[in-house]
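The next block holds one structure in the form of structure tokens; read it before the comments.
The values are calculated or read from the model by the stated rules, or taken from the named source; none is laboratory data. Note that the coordinates shown come from a computational prediction; the quantities given were computed from them, not determined experimentally. Cβ coordinates were reconstructed from backbone atoms using ideal geometry, including for glycine residues, and neighbour counts include every protein chain displayed. Remember, those area values only see protein heavy atoms, side chains included, never the ligands or the DNA or RNA. Shrake-Rupley method; radii C 1.70, N 1.55, O 1.52, S 1.80 Å.
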There are 2 protein chains.
Amino acid sequence: MKLGDGVEQAIHSMAMLACLEEGSTLSASALAEYHGVSPSYLLKHMQALSSADLVDTVPGPKGGYRLKRKPDDISLLDIVLAVEGPQPAFRCNEIRQRGPNPLPARYFDKPCGIAAKMLAAERVYRAELAKTSITDLMQDLQETDDGAIAARGCAFLDIHERKQVR
Amino acid sequence: MKLGDGVEQAIHSMAMLACLEEGSTLSASALAEYHGVSPSYLLKHMQALSSADLVDTVPGPKGGYRLKRKPDDISLLDIVLAVEGPQPAFRCNEIRQRGPNPLPARYFDKPCGIAAKMLAAERVYRAELAKTSITDLMQDLQETDDGAIAARGCAFLDIHERKQVR
DNA sequence: GTCGGGTTACTCGGATAGTGCTTGTCCGAGTTAATCGGG
DNA sequence: CCCGATTAACTCGGACAAGCACTATCCGAGTAACCCGAC
């Protein structure tokens, strides 16, 4: 059981995009540079976020990404599902139906009790992730940060942020 | 995010072992045959359960596996951790410390807020899994089963169960 | 000076190789049951 | 008939390949800004 590294990158990137002014954008290469990761690889995950309608894309020079919704309306779950896919971690292969002397299929109309418990736990997991929004993350950071981390981010944004022209 | 197929096999196998009489054993090859999976591969996971002290092994002819603890004392979490390993799914790579103009390490004494939220969700997930024991699984099955599934299992056990001799 | 067209450079998007882990398999060490021989 | 040593077969345990998903990368399509020339 392992989450891809792309999840972490995607969440940090979304948090960074939340710091932009209304309408401004930030390029994927800038996000990659700030986080010290491969630009090509981060781009891949940004595309996933784009497909999930979590970010808007602005093509051309001075283009980049920008949040499509308010930071309040974007949860950790949204990001995780966008990057990792919506499939649950546990897949029931119905091995109870295999083996010798199999029973008729009608005995297995009800879902497997084991799968039910596993998926129930996963629903709880997702519900917990859904409780946290990007805004919550920013607030948590502010409470522990004495200003240095925020200052570094702002300095970076001063250079790379593409402000909305019109 | 994907759980290995071995988890499902391990849980079903543990449930089967719970149906044995006190002290009786069941070989890995029998478990594999009943579930229609590769014997060698299931054996691998049974070894993991053995390393985690969830099952006892009896070597030699008429040997096999048997639960080490009462079905009440074995939870889904125990099995999942034994097979998948204890590491959390989310690994924080501390990408907040990377990139240009890094800050001194002392600013990052506190764990990353994002990682904290992700791990918190995972704790909830594990807590939910810990709530369900093997016994609970058996009870859930009894409630939905009209007897056919249990009968098939018993018929198989009549052939393959190795009863305690002494 | 202003407007328009063309060029250019930068962006994202999807298709393409490399790598690590899960999956799947095999053979060997160890142990017990059964067997066979002797008493 | 009973007991014991030997044999043999069956078990698990760990070491060994194959497949797939994640990781990492590249090049192409598209677009907006910029520049240059004409008016």
Hey, what's the stretch B:48-166 come to in accessible area per residue, 1.4 Å probe, Å²?
57 Å²
Which of B:139, B:50, B:101 sits closest to the plus end of the dipole of the stretch B:48-166, meaning its Cα is farthest towards the positive end, when Lys and Arg get +1 and Asp and Glu get -1 on the C-beta?
B:101
Quick check on my link table: of A:70/A:131; A:70/B:117; B:70/B:131; A:110/B:44; A:110/B:2; A:2/B:44, which ones sit more than 22 Å apart, alpha carbon to alpha carbon?
A:110/B:44; A:110/B:2
Within 10 Å of each Cβ of A:148-157, how many other protein chain Cβ atoms are there on average?
2
For the stretch B:32-166, report the convex hull volume of the alpha-carbon atoms normalised per residue, in Å³, without decimals.
186 Å³
Using a probe of 1.4 angstrom, how much of the accessible area of chain B is carbon and sulfur, in percent?
51 percent
Suppose every K and R has +1 on its Cβ and every D and E has -1 on its Cβ; what is the size of the dipole of chain B about the Cα centre, in Debye to the nearest 20?
940 debye
Taking chain B and counting helices only, DSSP H stretches of n ≥ 4 at -39,500 (n - 2.57) each over all residues, the nearest-500 ellipticity at 222 nm comes to -16000 deg cm²/dmol
According to the square roots a ≥ b ≥ c of the eigenvalues of the Cα gyration tensor, what is the shape class of the protein assembly as shown, taking rounded for a/c under 1.5, prolate for a/b larger than b/c otherwise, and oblate for the remainder?
prolate
Just to confirm a number: summing +1 for Lys and Arg and -1 for Asp and Glu over residues other than residue B:43 whose beta-carbon lies under 15 angstrom from that of residue B:43, what do you get?
-1
Show me B:66-73, A:109-116 ranked by packing, highest mean number of other Cβ atoms within 10 Å first.
A:109-116, B:66-73
Placing +1 on the Cβ of each Lys and Arg and -1 on the Cβ of each Asp and Glu in the stretch A:17-166, which of A:63, A:18, A:85 has its Cα farthest towards the positive end of the resulting dipole?
A:85
For peptide A:68-80, what's the mean number of Cβ atoms from other chains within 10 Å of each residue's Cβ?
1
Taking every residue of A:103-116, the Cβ atoms of other protein chains inside 10 Å of its Cβ average out to 4
Suppose a student asked you for the relative contact order of chain B, using Cα pairs under 8 Å spaced at least 6 residues apart; what percent would you report?
32 percent
Would you kindly find the accessible area of residue A:159, with a 1.4 Å probe and non-protein molecules such as ligands, DNA and RNA excluded, rounding to the nearest 10 Å²?
130 Å²
Compare the peptides B:83-91, B:150-158, B:126-134 by average per-residue count of other Cβ atoms within 10 angstrom and give them in order, highest first.
B:126-134, B:83-91, B:150-158
Could you tell me the center-to-center distance, by alpha carbons, between the stretch A:58-109 and the stretch B:131-152 in angstrom?
28 Å
